[in-house]
Amino acid sequence: MTLPNYAYFEGKIVPYAEAKVGVMTHALNYGTGAFGGVRAYWNSDEEQLFIFRPIDHFIRVLNSAKLLFAKFDHTPEDLRDITLELIRREGYKEDIYIRPLVYKADETIGVRLHDLRDEITIFAVPFTRYIEKDEDAHVTVSSWRRVDDNAVPARGKITGSYVNSAFIKTDALLAGFDEALVLTNEGHVSEGSAENVFMVRGGVLITPPVTDNILEGITRRTIMTLAHVELGVEVIERQIDRTEVYLCEEFFMTGTAAQVTAITKVDYRAIGDGEMGPITAQLRILYHDVVRGKMPKYRHWNEPVYAKEPASSG
Ligand code: PMP
């Protein structure tokens, strides 16, 4: 992966090579960090780079920090402004992925959350597709279970909890699948390793509730809005059983990285007729237009990075 040229680190933007932590850093040893994943999309017609829903992402980052007893003076708007400055310094004119990361920075032994120095770093790298087969992915139901809210809260996007996601993803890929579905301890469908999930059953779009150990996805919320407002599809949040997925008409995963990934097979069973369904296909088109700033109605979700020349009056 291409390394960035700069990073926001210990309060300023520095060359990436200077953004380094020591091996005793608390977060490196104990997983006491939390992160975000934000995308920005290049719109070649407008020659503009648009960050998608940055304020929502930074609200979630600060909430994750709160769960970790980490307090920052930054508002979500401050973090957006730092990100804008960072990207302008990089000068990116392509699709990118932005990673804010808060972490317990003290170099000390002793597991806890309190009485530790908290830092925030941000960097951005060029980024395209996350799941190769995003129109016809084959997923399996993982033998791992999702971390529970009373063990490591999934809504926190806590670095340490991504060991759970890594177990899920590696086992799926080594077994030849593109991704995995993971169940809660009670056996309900929770999400993917780094994606929320949706199924269409009886023409209704259904996704697990936020109380089933999911990360409260920003793409999930975006898709719920687009399905309801643009397609007039009924959207509900409720628990989902594993075998409902085997029988549903359409299934897809959503995430900043995965975008809208169509799942056409689950554990060797075809979903619907085994091809991407019509609701999924329409949502993919809508989503790609919205994130690139091509739908005026949703332009408030698109944060432009570069200043535009005022139109010449001559
Ligand atoms: N679930 C998990 C576990 C994730 O890591 C992600 C990616 N951030 C998502 C869901 C999707 O969230 P979002 O749409 O906000 O990227």
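Selection of segment 165-193 for residues being open to solvent by less than 30 Å² (accessible area, probe 1.4 Å), more than 16 Å from the chain's Cα centre (by Cα), more than 17 Å from Tyr268 (Cβ to Cβ) and within 15 Å of the ligand (Cβ to nearest atom) yields Ile168, Val182, Leu183, Thr184, Val189. Total residues in segment 67-83 satisfying the condition of being among the charged types (D, E, K, R) and either touching a residue at least 40 places away in the same chain (Cβ under 8 Å) or not in a helix (DSSP H, G or I) (or both): the figure is 3. The one condition from (1) open to solvent by less than 10 Å² (accessible area, probe 1.4 Å); (2) within 24 Å of Val61 (Cα to Cα) that Ile263 does not meet is (2).
None of Val125, Val147 is among the β-branched types (Val, Ile, Thr), within 13 Å of the ligand (Cβ to nearest atom) and touching a residue at least 40 places away in the same chain (Cβ under 8 Å) except Val147.
Any idea which of Val229, Val233, Val210, Val197 is away from the ligand (no atom under 12 Å from the Cβ), surrounded by 15 or more Cβ atoms within 10 Å (Cβ to Cβ) and β-branched (Val, Ile, Thr)? Talk me through it step by step, then tell me what you get.
On the way: Val229 fails: surrounded by 15 or more Cβ atoms within 10 Å (Cβ to Cβ); Val210 fails: away from the ligand (no atom under 12 Å from the Cβ); Val197 fails: away from the ligand (no atom under 12 Å from the Cβ).
Answer to the check: Val233.
Examine segment 227-234 for a residue that is over 20 Å from Lys297 (Cα atoms) and of a type outside the set (Asp, Glu), and state whether such a residue exists. Looking for residues that are over 20 Å from Lys297 (Cα atoms) and of a type outside the set (Asp, Glu), one finds none in segment 227-234, hence no. For the criterion of being over 22 Å from Val260 (Cβ atoms), open to solvent by less than 50 Å² (accessible area, probe 1.4 Å) and touching a Ser or Thr at 6+ places or on another chain (Cβ under 6 Å), Val102 fails. For Phe52, are the conditions met, namely being among the aromatic types (Phe, Trp, Tyr) and buried (at least 22 other Cβ atoms within 10 Å of the Cβ)? Considered against the rule, which asks whether it is among the aromatic types (Phe, Trp, Tyr) and buried (at least 22 other Cβ atoms within 10 Å of the Cβ), Phe52 comes out as yes. Yes or no: segment 60-83 includes at least one residue that is out of contact with any helix residue (DSSP H, G or I) (no Cβ under 9 Å at 6 or more places or on another chain), open to solvent by less than 80 Å² (accessible area, probe 1.4 Å) and within 27 Å of Met295 (Cβ to Cβ). Yes, some residue in segment 60-83 is out of contact with any helix residue (DSSP H, G or I) (no Cβ under 9 Å at 6 or more places or on another chain), open to solvent by less than 80 Å² (accessible area, probe 1.4 Å) and within 27 Å of Met295 (Cβ to Cβ).
Of the residues in segment 253-260, at least one is within 16 Å of the ligand (Cβ to nearest atom), part of a loop (DSSP other than H, G, I, E, B), open to solvent by 20 Å² or more (accessible area, probe 1.4 Å) and not assigned by TED's automatic domain parsing to the domain that holds Ile87.
Only one of the listed residues (Arg269, Arg284, Arg238, Arg242) is touching a Phe, Trp or Tyr at 6+ places or on another chain (Cβ under 6 Å) and either of a type outside the set (D, E, K, R) or not assigned by TED's automatic domain parsing to the domain that holds Phe58 (or both). That residue is Arg269. Of the strands (runs of 3 or more DSSP E) lying entirely inside segment 1-66, those carrying at least 2 residues that are away from the ligand (no atom under 15 Å from the Cβ) are 6-9, 12-15, 38-43, 48-52. Close contacts from segment 207-218, counting a first residue that is on the phi > 0 side of the Ramachandran plot and a second that is away from the ligand (no atom under 11 Å from the Cβ) and open to solvent by less than 10 Å² (accessible area, probe 1.4 Å), with Cβ to Cβ under 9 Å and a gap of 6+ residues or different chains, come to Asn213/Thr184.
The values are calculated or read from the model by the stated rules, or taken from the named source; none is laboratory data. Treat the numbers as computed from the prediction; the structure is a model and nothing was measured. Because the Cβ atoms are built from the backbone with ideal geometry, glycine has one as well, and the counts that use them run over all protein chains shown. The area values use the complete protein model at the heavy-atom level, side chains included, leaving out ligands, DNA and RNA. Shrake-Rupley method; radii C 1.70, N 1.55, O 1.52, S 1.80 Å.
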